[in-house]
Amino acid sequence: MPRFWLVILGMCLGLSIGIPDGAWAGGKTFAGKRIISEEGIDWTTKEKADAILARIKDARFNVFMPIVWHGRGANWPSQYADWDYWLKAVPKTNFDPLKYLIERAHAMGIEVHPWFNLALREGDFLPQFAPPGTPHLAFDVHMPEFRHLMANLVAEVVAKYDVDGINLDIVRTMGLCSSDFCKADYQRRYGRDLAADTLQFNVTFGRVPTLVDYQESDVTAMVQEISQRIRAIKPNIVISADAIPLLASVDQGQNSIDWENKGLVDVICRMDYYLNIDAKLTDTIRGRLKNPDALTIVISNVSLEERRPEQDYFSRDGKWLADTISLIMDHWPNTGVAVYMSRWLSDDQINKLKQGPFRLPAPLNLRAVSP
């Protein structure tokens, strides 16, 4: 029986049939994906990994995006960087947290797309890539050695682990650089004075073409190097990038629409964490993409705009989450859905999802070996 009819039959019977990337849109997309991410490190212990996977499985998600690089070290044994210093209590011998997570997730039919915060730097980690004058909380993406390190780290995970995709975040400069390295580099490349152009940039709201190019070209160079390394190892996995297309200021160098149109990434994850989805902006961005369905909306299940400054964060209403996901699935059915993040997945949210947009089980990766 042709695969198309197998998928249709499975949906009619409430079965979980694997949907290959791009089956709906003619290119790699998140079609059929129900994604949930996690920025914490709880998944790095066996007990917490099992509990997290069981909960997102119960909620009928089929993709997990755990943070593996948060600008303070690796969450796997790496030859290129030290362990994340938040993992002091995690055993470092005879246990590989990422390997364990992927094996357990695949046994449950859940894909794993490790998440890298590229330019973010925490504490005094790797100071050689953040000389004085580097934007606050950032590594200097203008330094080729830093971009090589990021490519090496991502490639190491792709080569070493049975990953289904890679998610790239903080894919930007995080501001204008004023270090001695950047001054010399800018002068060499453009024959211009970085300090003077920065002053003009700030006064004219970014109308300095060479400085705009300086920011954008090196962020793109980082994406391109990472993309080429991934494709050389596993050409079929999905590369996604978190971005805010048409909203990111030009000092960030984040031209995500161009990345997708040039094939450097497969999916743009547009972060839309407000209570009301900006459908008009979404359709405008889609109109600029060669593959409109390459745009996936990421929503937040944790309070952001509605939280008062003195309040702790809290899980958003389950009905709101279910209704918002239903809206996305109805308006843009071939793009998948993504939620930030798993630790705020409440019982109310799970129940409303299973009563609403996730009534049917999620399409499973065909590698699944257990229900």
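The values are calculated or read from the model by the stated rules, or taken from the named source; none is laboratory data. Remember, it's a predicted structure, so these values are computed and weren't measured experimentally. Please note: Cβ atoms are built from the backbone with ideal geometry, for glycine as well, and neighbour counts cover all protein chains shown.
Please specify each residue of segment 252-266 satisfying the condition of being outside any loop (DSSP other than H, G, I, E, B) and farther than 8 Å from Glu216 by Cα.
Across segment 252-266, the qualifying residues are Ser256, Ile257, Asp258, Trp259, Glu260, Asn261.
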inquiry  = I want to confirm something. Restricting to segment 241-282 and keeping residues that are surrounded by fewer than 17 Cβ atoms within 10 Å (Cβ to Cβ) and of a type in the set (Ser, Thr, Tyr), which single residue is farthest from Glu306 (Cα to Cα)?
reply    = Ser249
request  = Looking only at segment 206-224, decide whether some residue is assigned to a loop (DSSP other than H, G, I, E, B), under 21 Å from the mean Cα position of the chain (by Cα) and of a type in the set (A, V, I, L, M, F, W, C).
outcome  = no
note = Exactly one of Asn202, Asn94 is closer than 30 Å to Phe64 by Cα and among the polar types (S, T, N, Q), and that residue is Asn94
Condition broken by Val158, with the remaining ones in (1) touching a residue at least 60 places away in the same chain (Cβ under 8 Å); (2) under 30 Å from Gly32 (Cα atoms); (3) in contact with a His (Cβ under 8 Å, 6 or more places away or on another chain) satisfied = (3)
ask   = Does segment 205-258 hold any residues that are out of contact with any Cys (no Cβ under 9 Å at 6 or more places or on another chain), in contact (Cβ under 8 Å) with a residue 40 or more places away in the chain and among the acidic types (Asp, Glu), and which are they?
value = Asp218, Glu225, Asp251
query = Regarding His148, is this residue part of a helix (DSSP H, G or I), farther than 21 Å from Ile41 by Cβ and at pLDDT 95 or above?
reply = yes
note = Per the filter on segment 55-89, residues modelled with pLDDT under 95 and aliphatic (A, V, I, L, M) are Leu87, Ala89
inquiry  = Could you list, ordered by first residue, the pairs with Cβ atoms under 6 Å in which the first is in segment 346-363 and closer than 16 Å to Ala54 by Cβ and the second is outside any helix (DSSP H, G or I) and of a type in the set (Gly, Ala, Ser), at least 6 apart or interchain?
reply    = Ser346/Ser315; Ile350/Ala59; Leu353/Ala59; Pro361/Ser16
Odd one out for Arg172 among (1) among the basic types (Lys, Arg); (2) touching a residue at least 60 places away in the same chain (Cβ under 8 Å); (3) not in a loop (DSSP other than H, G, I, E, B) = (3)
note = Inside segment 227-257, the number of residues satisfying the requirement of being among the acidic types (Asp, Glu) and touching a helix residue (DSSP H, G or I) at 6+ places or on another chain (Cβ under 7 Å) is 1
